[in-house]
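Undergrad: The structure under discussion is supplied below as structure tokens; questions concerning it will follow.
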Amino acid sequence: MDLSTRYLGLQLSNPLLAGASPMVDDLDWVRRLEDAGVAAIVMHSLFEEQITREQLGTVLDMELHADSFAEALSYFPQPQEFRLGPETYLEQVRRIKAAVKVPVIASLNGTTPAGWLDYAKLIEQAGADALELNVYYLATHPWETGEAVERRTLESVRTVKHEVKIPVAVKLSPFYSSLAHLAKQMDDLGADGLVLFNRFYQPDIDVEALEVVPSLKLSDSSELLLRLRWLAILSGHVKGSLAVSGGVHTPLDAIKAVMAGADAVQLVSALLIHGAGHLKTLRDGIAAWMEEHEYVSLEQMHASMSHQNSPNPQALERANYMRILQGWKP
Ligand SMILES: Cc1cc2nc3c(=O)[nH]c(=O)nc-3n(C[C@H](O)[C@H](O)[C@H](O)COP(=O)(O)O)c2cc1C
């Protein structure tokens with residue numbers, strides 16, 4: 001069974017990647033992932049604030065947050081709380097590259113196009129095969145327009161693409177008013193791939209202690225549905241690759257993502273829950289299902305459920321929305 005795929009111009013033996021997480025801070029984990037057949041490894045993000053704190057002694061964009069700067073400073077983790085500082089991050093890229101043969105994708109997380117993006121070049125020099133730009137940003141300022149947020153994000157992509165020759169993927173959130181338009185603009189800037197989606201952490205409230213409780217819950221397969229929809233919409237409209245991140249736990253989850261248009265399937269929660277060996281379970285499960293359904297290659301089923309086959313995706317989405325609401329039987 002041919003499970004090979006191309007992602008960000010990299011030829012991969014199968015579509016299963018370890019997504020960005022602290023898993024790869026531990027070289028034992030990295031080797032276990034390779035032994036279990038991972039196709040490529042995404043490192044956790046190096047954060048803009050880590051770099052700017054080191055370079056400039058500042059944390060946030062001063063103009064945006066001038067009034068509340070001192071207070072804002074106190075919210076951020078201290079340097080010792082980050083797993084890897086900027087220098088150790090580069091060192092970890094080198095270590096992982098020396099430890100395994102599979103491609104290594106580093107990750108930068110930030111929201112402003114500024115000097116910190118020089119790190120993209122250093123990451124490339126450290127040997128990363130590609131770079132994922134994770135643009136996690138929650139727009140909370142009532143005076144900040146969606147257009148301004150998008151402009152900054154696009155500018156970051158442009159800057160990184162200018163800095164490096166290695167392929168660049170952008171890990172997006174689903175919360176844009178016109179995601180298809182933004183994705184197209186990223187594609188036009190030369191983004192080599194889009195990762196759908198990063199996952200916003202959602203703090204809870206402890207009503208007794210009157211405290212906000214930060215929580216990071218692992219995903220389940222229900223989170224995949226939002227990704228499937230957007231893969232299906234974007235597939236065929238962007239030149240770059242598409243990867244899914246979020247909610248892939250079973251062989252069928254991965255198959256659905258590929259059918260919707262994913263070239264690569266990133267896994268974090270499933271690997272944290274079941275261990276690296278889960279990669280083999282998934283690969284075997286995908287191959288068995290394909291054999292049973294007479295597919296000979298991943299390519300054959302890739303994007304078979306994408307909206308590119310529909311002449312009017314807008315009408316299709318709206319018609320399905322109305323049908324599902326009208327069809328509900330109490
Ligand atoms: C403990 C943990 C740490 C993570 N760290 C990062 C990170 O540094 N950068 C990033 O882009 N995503 C990070 N993520 C998000 C994952 O890469 C992934 O997008 C998300 O968990 C959804 O995928 P899943 O359903 O396979 O878990 C992290 C997730 C977890 C659970």
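The values are calculated or read from the model by the stated rules, or taken from the named source; none is laboratory data. Bear in mind that the values here come from a model prediction, so they are computed numbers and not experimental data. Here Cβ is always computed from backbone atoms with ideal geometry, including for glycine, and neighbour counts include all displayed protein chains. We work out accessible area using only protein heavy atoms, side chains counted, and drop any ligands, DNA or RNA first. Shrake-Rupley method; radii C 1.70, N 1.55, O 1.52, S 1.80 Å.
Undergrad: If I filter the range 98-116 down to residues being touching a Ser or Thr at 6+ places or on another chain (Cβ under 6 Å) and surrounded by fewer than 22 Cβ atoms within 10 Å (Cβ to Cβ), which single residue comes out as farthest from residue 32 (Cα to Cα)?
TA: First, pick out the residues of the range 98-116 that are touching a Ser or Thr at 6+ places or on another chain (Cβ under 6 Å): 107, 109, 113, 116.
Still in the running and surrounded by fewer than 22 Cβ atoms within 10 Å (Cβ to Cβ): 109, 113.
Numbers: 109: 26, 113: 36 Å.
Top of the filtered list is 113.
Undergrad: Since residue 171 meets every condition but one in (1) modelled with pLDDT under 95; (2) within 21 Å of residue 21 (Cα to Cα); (3) out of contact with any Lys or Arg (no Cβ under 9 Å at 6 or more places or on another chain), which condition does it not meet?
TA: Every condition holds for residue 171 apart from (1).
Undergrad: In the range 168-185, what count of residues is obtained for those that are crowded, with 19+ Cβ neighbours inside 10 Å and within 16 Å of the ligand (Cβ to nearest atom)? It would help to see each step written out before you state the result.
TA: Taking the range 168-185 and keeping what is crowded, with 19+ Cβ neighbours inside 10 Å, we get 168-172, 182-183.
From what is left, the residues that are within 16 Å of the ligand (Cβ to nearest atom) are 168-172.
Number of matching residues: 5.
Undergrad: From the set of residues in the range 188-225 that are small (Gly, Ala, Ser), within 12 Å of the ligand (Cβ to nearest atom) and touching a helix residue (DSSP H, G or I) at 6+ places or on another chain (Cβ under 7 Å), which is modelled with the lowest pLDDT? So that I can check it myself, show each step before the final result.
TA: In the first step, residues of the range 188-225 are kept if they are small (Gly, Ala, Ser); the result is 190-191, 193, 209, 215, 219, 221-222.
From what's left, within 12 Å of the ligand (Cβ to nearest atom): 215, 219, 221-222.
Adding the requirement that they be touching a helix residue (DSSP H, G or I) at 6+ places or on another chain (Cβ under 7 Å) leaves 219, 221.
Working: 219: 93, 221: 97.
Out of the qualifying residues, it is 219.
Undergrad: Counting only residues that are under 18 Å from the mean Cα position of the chain (by Cα), within 12 Å of the ligand (Cβ to nearest atom) and open to solvent by less than 50 Å² (accessible area, probe 1.4 Å), how many does the range 237-278 have?
TA: Matching residues across the range 237-278 total 17.
Undergrad: State the number of residues belonging to the range 11-55 that are open to solvent by 30 Å² or more (accessible area, probe 1.4 Å), closer than 20 Å to residue 92 by Cβ and more than 11 Å from the ligand (Cβ to nearest atom). Walk me through how you get there before you give the answer.
TA: Let us first name the residues in the range 11-55 that are open to solvent by 30 Å² or more (accessible area, probe 1.4 Å), namely 11, 13, 22, 25-29, 31-32, 34-35, 47, 49, 53-55.
In the following step, the residues that additionally are closer than 20 Å to residue 92 by Cβ were identified as 22, 25-29, 31-32, 34-35, 47, 49, 53-55.
Checking the rest, the ones that are also more than 11 Å from the ligand (Cβ to nearest atom) come to 26-29, 31-32, 34-35, 49, 53-55.
The qualifying residues number 12.
Undergrad: Does residue 303 fit the bill of being among the aliphatic types (A, V, I, L, M), more than 29 Å from residue 29 (Cβ to Cβ) and not in a helix (DSSP H, G or I)? Step through it out loud before you land on a result.
TA: Values: among the aliphatic types (A, V, I, L, M): yes; more than 29 Å from residue 29 (Cβ to Cβ): yes; not in a helix (DSSP H, G or I): yes.
Yes, satisfied.
Undergrad: Can you name the residue in the range 204-233 that is hydroxyl-bearing (Ser, Thr, Tyr) and open to solvent by less than 70 Å² (accessible area, probe 1.4 Å) and, of all such residues, is farthest from residue 179 (Cα to Cα)? Write out each step before concluding.
TA: Initial filter on the range 204-233 (hydroxyl-bearing (Ser, Thr, Tyr)): 215, 219, 221-222.
If we keep only those that are open to solvent by less than 70 Å² (accessible area, probe 1.4 Å) as well, we get 215, 219, 221.
Values: 215: 27, 219: 22, 221: 22 Å.
My answer is 215.
Undergrad: Now for a separate question. Looking only at the range 136-167, filter to residues that are closer than 22 Å to residue 46 by Cα and in contact (Cβ under 8 Å) with a residue 60 or more places away in the chain; which one of those is surrounded by the fewest Cβ atoms within 10 Å (Cβ to Cβ)?
TA: Restricting to residues being closer than 22 Å to residue 46 by Cα and in contact (Cβ under 8 Å) with a residue 60 or more places away in the chain, the top hit is 138.
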